[in-house]
Each structure stands twice: as C-alpha cells, then as structure tokens.
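Heads up: the structure comes next, in structure tokens.
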Amino acid sequence: MNVGFALVLLWSLPITNVLAELPQPQNLTLLTLNTQYVLTWDWDQTTTGNAVTFTVEYMAKYKMKMKKKNWSRVCERTTHTRCDLTGSDLHYLGMYVLRVRASADGVNSHWVYKDFCPDIDASLGPPSRVELAPVKNLLDVTISDPLTSTQGSMKEHVPFLDYRILYWSRSDDPQGLKPKVVDSSNNLVTLPELEAWTWYCVMIQSRYDYYNKTSSYTEPQCRQTEGDTPYWQIFLYFLVSMTLCFLLVLLPSYAAFRFYRVLKNTFYPSIQLPAHIQEYLCDSSPGSDMPRLLTADSEAELCCDKLTICPEVLLLDIHVPPPLTAPPSELEQDSGKHIRQDSGDSGIYSTEGGSAQQGRSGGEPIRRDQEVDSWQTLEQVKMEAMGRESADERDLDEGVVDVCV
Amino acid sequence: MAVLKWLSICLTLFCQGTAASTPCNWTQFRLGKLNDVSIDLLSDMGGLFPLMCAEENVELFPEDVYKNTEGEDVSVVALEAMRYVDQLYNNSLTSVTWNKTKLKLFQNVIYRQVQNLELCVVGGVWKSSGDGGSVTLKTYFNKLNTVLKDKEHSACAWEIVRKEIRENLVQFKKFIDSRVKP
C-alpha cells in the first residue's frame with residue numbers, strides 16, 4: 001500500500017508541477033505621459049501555448065500594513081500584455097502598489113508587485129501649444145501647459161512646473177546647434193536682445209526639477225521679428241493717405257460747393273428783372289399765364305381827363321319851342337342810344353350799351369371815348385341850336401356830366 | 001578657564017549649527033506642498049462641523065505645541081506629527097459620512113509624508129527626545145485617541161478628530177513656513 005501510495009505520488013508530481021507553476025509575468029513597466037498610465041509586462045508565449053489571460057489590481061500603499069486589504073481590480077482576464085490605468089482612481093500625489101498575475105486553465109500564477117507613485121514615476125509631456133508673436137524687435141512666447149487626460153492643466157498636480165526655452169537665429173545657425181537658453185515658470189516669456197527683421201526658431205521643454213522630470217522638446221517654430229518702420233515706408237504711407245484724403249474728402253466737397261452755387265444761381269439769381277416787367281410776369285389774375293399789358297380792370301385804372309367843351313353859342317333867328325324836359329331826355333336818350341349804337345364801333349361799348357338799355361341807375365357811369373363825347377355834344381348843338389340854348393346847355397352839361405365820370 | 005570658554009563656545013556653535021542645518025530635500029520642497037493638500041482634503045471631505053455634535057465638542061489643541069520646538073529639527077517634528085496622524089486614522093472609519101475618495105487620498109498623502117520623512121531623519125528611528133514640544137504632541141494625540149475610543153468611533157467623534165487634526169495641520173503649516181525658507 002505504501003508502495004502504491006508512493007507510485008501515485010510519483011505519478012502526480014509532474015502533473016502538479018505543471019499545474020502549480022504557471023510562470024509570472026516579467027518586467028513590469030509603466031508607460032506614462034502626464035496622467036496617462038499604461039502597465040505593460042513581458043510574457044513568454046512558448047511556455048504555454050494555451051490562451052492565457054492576465055489580471056491587474058492596485059491598492060494604496062498605506063493599506064499594505066493593514067490586515068484586511070481590498071485590492072481594486074482594473075483589468076480582468078485580458079489577453080493583452082498591457083493594461084490602461086488612466087481611467088481608474090490613481091491620484092497624482094498618491095502612492096500605490098500594482099500587481100499582475102497570469103491565468104490559464106483555472107491556474108493562476110503568483111502575483112508580481114510594483115510600486116507606483118505618479119508624482120515620482122509618471123513622465124512629463126511637452127507644452128500642449130506654443131505661440132510666437134513679434135513685438136517690435138522682440139518675440140513674445142505664449143506657452144500652454146501640458147494637459148492631463150481630462151484636458152486640465154498639469155500645473156494643478158505639479159505647481160512648480162518650469163519651462164526651458166531654446167532659441168536661435170535661423171540665418172546664423174540653421175540647424176540650431178548653439179541655441180540660447182531661457183528658463184521660466186511663466187506662461188508668457190519675452191525673448192530679449194533679438195535683432196530686428198530676423199528669423200528666430202524656438203523649442204520648449206517642460207521640467208519638474210524636484211524629481212528630475214523633463215519632457216521632450218516641442219517641434220521648432222520659427223518667426224520673424226519686426227523693427228522700426230523704415231523712413232521710405234513712412235513717407236509712402238503719408239503720400240498714399242494724402243492722396244486718399246484728397247480723393248475722398250476734398251474733391252467731393254468742391255463738387256458739392258459748385259453744385260450748390262449752380263442751384264443758387266438758378267433759383268435765386270442776384271440780378272433781378274425790372275420791377276414793371278416783374279409785376280406783369282408775376283400777376284396772379286385767374287386763368288391767365290400770359291404776360292399782360294392791359295388788365296381787365298382798365299376801366300378802373302383809366303384816368304379820364306375832364307373835358308369841358310363850351311360850344312360857341314350861335315344866335316339863330318329860328319325860334320323853336322323848347323321841348324318838354326322829359327321827352328328831351330328821352331330824345332337824348334334815344335339820341336344817346338343812337339349815338340351809342342352808332343358808336344358801337346369800339347368793341348367795348350356793345351356790352352355797356354346793352355346794360356345801359358336795360359336800365360340806368362343813377363350812378364352808373366357811361367364809358368365813352370372822349371371823341372364821341374365831343375361829337376355828341378356837337379350833334380346836340382346842331383339839332384337844338386335854335387332857341388334851345390338853355391336846354392342844350394343843360395343837355396350838354398348833362399351829357400358832359402354823363403360822359404365824364 | 002580660557003580653554004573651557006573656548007570649548008563652550010565651540011560646542012554652542014556646533015549645536016546651533018546642527019540644529020539650524022538645512023533640512024533635507026523633502027522637508028524643504030515637498031513637505032509644505034503636501035501639507036497644503038492634506039489641509040484642503042480635510043476641509044473638502046466633509047461639510048461644516050455638524051450642529052448635532054456641538055454638545056460633545058471638546059477643544060483640545062494646545063496653541064503653542066509647535067512653538068516649543070524651536071531647537072528641534074523640522075524633519076523630526078514633522079515626522080512625529082505625521083506618524084501620529086497616520087496612526088489615528090488607522091482606527092475604524094466605518095461610521096464616517098465623508099467623501100471616501102478624498103479620505104483615502106488624505107491617508108495616502110499622510111503615509112507618503114511619513115515614508116519620505118523617515119528617509120530624511122537619520123536612521124528613521126522613532127525617537128522622542130522628551131523635550132517640551134514632543135511631549136505636548138504626544139499628550140495631545142493620546143487625548144484624541146481616548147476621545148475616539150470613548151465615543152466608540154462614532155460619526156461625531158470622527159468629526160471632532162477631523163476638526164482637531166485640521167487645526168493641527170494649519171498650525172503645522174505655519175511652523176514649516178517659519179522654519180523652512182524655499
């Protein structure tokens with residue numbers, strides 16, 4: 001029985017050897033950049049052909065001395081030989097312990113441990129952005145901090161982050177073999193003592209001096225400095241601005257002034273028409289836009305000269321009985337009418353004659369030509385020359401009175 | 001007599017020299033920064049001191065505990081203080097209502113301070129020189145431990161501890177700033 005037992009043991013030994021001894025992962029390495037951490041290890045594929053998986057865990061270092069340790073699992077049964085720890089709860093200032101083991105066919109290898117403190121071990125990245133701006137004959141360099149995995153600034157974890165700036169003149173030193181150095185912890189640095197109108201190239205590295213962490217350099221960026229404006233350029237700008245001012249300001253002003261003068265002379269001329277012509281041009285009688293020499297109201301304007309005609313009194317032998325007063329007036333009227341009718345040659349009379357026939361009021365003036373008046377009186381003299389002196393005179397007077405108003 | 005005078009002068013100078021020797025790198029450059037982080041974490045992990053615990057409150061912290069440590073090395077004092085805090089927080093934290101992430105980070109940072117300060121202090125041996133400052137610190141932390149145990153690690157007990165430790169670290173910060181020139 002003992003021999004049998006021993007045989008079984010001998011048989012099982014190789015099997016247990018194979019089962020118990022799964023090799024451990026080797027060469028645990030951390031690839032880091034700012035707050036991105038990736039744990040990698042080596043695994044020899046030839047020893048076990050079967051599918052092997054790996055498990056990665058971490059824990060804060062201060063818990064190691066406790067009895068109850070609770071490890072946080074990050075990568076469970078991964079087939080890769082790497083594990084990304086960026087998303088997990090590893091704080092930059094904390095101290096942690098990481099561990100890895102391999103698993104195959106239900107058998108686990110031993111754990112492999114590694115201490116990790118990002119503050120000490122995580123490598124630093126270069127500045128995320130560099131901008132150059134020329135300021136006269138100097139260059140302003142604006143540096144953006146390296147970024148964490150959540151796009152924050154690394155300065156919240158590394159407050160004393162410094163930058164080293166290398167710069168050289170592209171014309172003097174095209175390869176950048178002998179650059180000048182400026183160290184600063186500011187994000188805005190002005191490079192001093194540069195020449196005007198020269199191309200300079202700049203490379204920047206971030207540094208964490210306490211733990212001797214330095215990042216790689218940024219790609220060289222080149223920019224030309226500026227300087228004082230040359231005199232010919234100033235003169236040229238002056239000429240151009242003067243020409244523009246002339247074209248845009250003076251010419252239109254002059255044109256406007258001339259236009260104004262033309263308008264003024266057209267509508268408000270300084271030389272006026274003579275007064276009497278202007279009166280006629282500007283009269284406002286209705287329905288007439290033609291210049292008039294006589295107005296319709298010529299009756300009112302007409303000035304009559306009083307003409308008194310005293311006929312020679314002819315003493316005649318014939319005695320004619322004086323007619324009644326009324327009929328002579330009627331006769332006169334008839335004769336007047338006659339006369340009027342005869343004297344209807346002048347165009348004006350026809351209307352007046354009509355009105356006179358209708359009925360004469362006392363004050364209505366009779367418009368007569370002076371010639372007709374005198375002719376009428378002569379007629380009257382002829383007709384009533386005999387013994388009708390008084391009547392004639394009276395009639396004449398009446399006629400005269402009638403005629404001349 | 002003259003020889004004695006000379007010797008005493010040399011000794012005084014030597015002792016002063018050792019006492020005022022430049023602190024190690026950690027103490028000079030990192031201690032202050034990580035202490036600030038610890039203070040912020042303590043403030044942020046919980047809110048203001050809860051009213052319901054006001055009755056149980058005790059004011060233990062002695063004002064001048066760090067002022068009495070003029071003659072001692074900064075690193076030694078720092079190491080003692082950090083060790084005490086670390087030990088205190090090793091007690092049961094089940095009843096606290098604080099932000100667990102911040103609490104863990106706080107413990108992490110305190111432990112890191114201890115580790116690095118141990119490298120600074122020669123030999124890393126626990127030594128209490130028995131002088132004024134050290135005794136006061138020891139007494140103070142013993143009292144805190146007693147309070148915690150008496151109240152059975154209740155939430156209120158931990159709130160008292162948090163308040164006290166925060167005040168302690170603020171005084172510690174002033175102590176570092178006065179002793180260490182960056």
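The values are calculated or read from the model by the stated rules, or taken from the named source; none is laboratory data. In this text the structure is predicted, and so the values were computed from the model without any measurement. Here Cβ is always computed from backbone atoms with ideal geometry, including for glycine, and neighbour counts include all displayed protein chains.
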Notebook entry, point to check: What's the number of the condition A:Val181 fails, among (1) surrounded by 11 or more Cβ atoms within 10 Å (Cβ to Cβ); (2) touching a Leu at 6+ places or on another chain (Cβ under 7 Å)?
Noted result: (1)
Checklist line | In the range B:137-147, the residues that are surrounded by fewer than 21 Cβ atoms within 10 Å (Cβ to Cβ) and in contact with a Ser or Thr (Cβ under 9 Å, 6 or more places away or on another chain) | finding: B:Lys138
Next item on the list: Would you check which residues across the range B:65-93 are under 15 Å from B:Gln107 (Cβ atoms) and among the basic types (Lys, Arg) and list them?
Entry: B:Arg83
Check: Out of curiosity, is A:Arg101 surrounded by fewer than 14 Cβ atoms within 10 Å (Cβ to Cβ), of a type in the set (D, E, K, R) and modelled with pLDDT of 90 or more?
Finding: no
Item checked: Of all residues making up the range A:30-70, the number that are outside any loop (DSSP other than H, G, I, E, B) and out of contact with any Phe, Trp or Tyr (no Cβ under 7 Å at 6 or more places or on another chain) -> 17
Next item on the list: Answer yes or no as to whether B:Glu164 is on the phi > 0 side of the Ramachandran plot and either touching a Phe, Trp or Tyr at 6+ places or on another chain (Cβ under 9 Å) or at pLDDT 85 or above (or both).
Entry: no
Checklist line | Positions within the range A:143-176 being part of a loop (DSSP other than H, G, I, E, B), touching a strand residue (DSSP E or B) at 6+ places or on another chain (Cβ under 8 Å) and more than 14 Å from chain B (Cβ to nearest Cβ), in sequence order | finding: A:Asp145, A:Pro146, A:Ser149, A:Arg170, A:Ser171, A:Gly176
Note to self: Looking at the range B:102-125, can you tell me whether even one residue there is more than 13 Å from the chain's Cα centre (by Cα), more than 14 Å from chain A (Cβ to nearest Cβ), at pLDDT below 85 and crowded, with 21+ Cβ neighbours inside 10 Å?
What the structure shows: no
Notebook entry, point to check: Which members of the range A:67-77 meet the condition of being of a type outside the set (D, E, K, R), within 13 Å of chain B (Cβ to nearest Cβ) and either within 60 Å of the chain's Cα centre (by Cα) or surrounded by fewer than 11 Cβ atoms within 10 Å (Cβ to Cβ) (or both)?
Noted result: A:Asn70
Margin query: Let me confirm something: among B:Val58, B:Val77, which residue is under 16 Å from B:Lys143 (Cβ atoms) and away from chain A (no Cβ under 14 Å)?
Written below: B:Val58
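Results for (1) of a type in the set (Lys, Arg); (2) in contact with a helix residue (DSSP H, G or I) (Cβ under 7 Å, 6 or more places away or on another chain); (3) modelled with pLDDT under 85; (4) closer than 29 Å to B:Trp98 by Cα, shown as yes or no for each residue.
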{"position": "B:Cys24", "(1), (2), (3), (4)": "no, yes, yes, no"}
{"position": "B:Arg30", "(1), (2), (3), (4)": "yes, yes, no, yes"}
{"position": "B:Lys33", "(1), (2), (3), (4)": "yes, no, no, yes"}
{"position": "B:Met45", "(1), (2), (3), (4)": "no, yes, no, yes"}
{"position": "B:Ala54", "(1), (2), (3), (4)": "no, no, yes, yes"}
Notebook entry, point to check: Considering only the range A:93-115, how many residues are farther than 18 Å from A:Thr148 by Cα and within 14 Å of another protein chain (Cβ to nearest Cβ)?
Noted result: 4
Notebook entry, point to check: Within the range B:39-66, how many residues are aliphatic (A, V, I, L, M) and surrounded by fewer than 11 Cβ atoms within 10 Å (Cβ to Cβ)?
Noted result: 4
Check: Condition test on B:Thr27, is it hydroxyl-bearing (Ser, Thr, Tyr) and within 14 Å of chain A (Cβ to nearest Cβ)?
Finding: yes
Note to self: The conditions are (1) within 14 Å of chain B (Cβ to nearest Cβ); (2) over 19 Å from A:Asp42 (Cβ atoms); (3) surrounded by 15 or more Cβ atoms within 10 Å (Cβ to Cβ), and A:Ala122 fails exactly one of them. Which is it?
What the structure shows: (1)
Notebook entry, point to check: Which ones in the range B:88-101 are within 11 Å of chain A (Cβ to nearest Cβ) and either in a helix (DSSP H, G or I) or among the basic types (Lys, Arg) (or both)?
Noted result: B:Lys100, B:Thr101
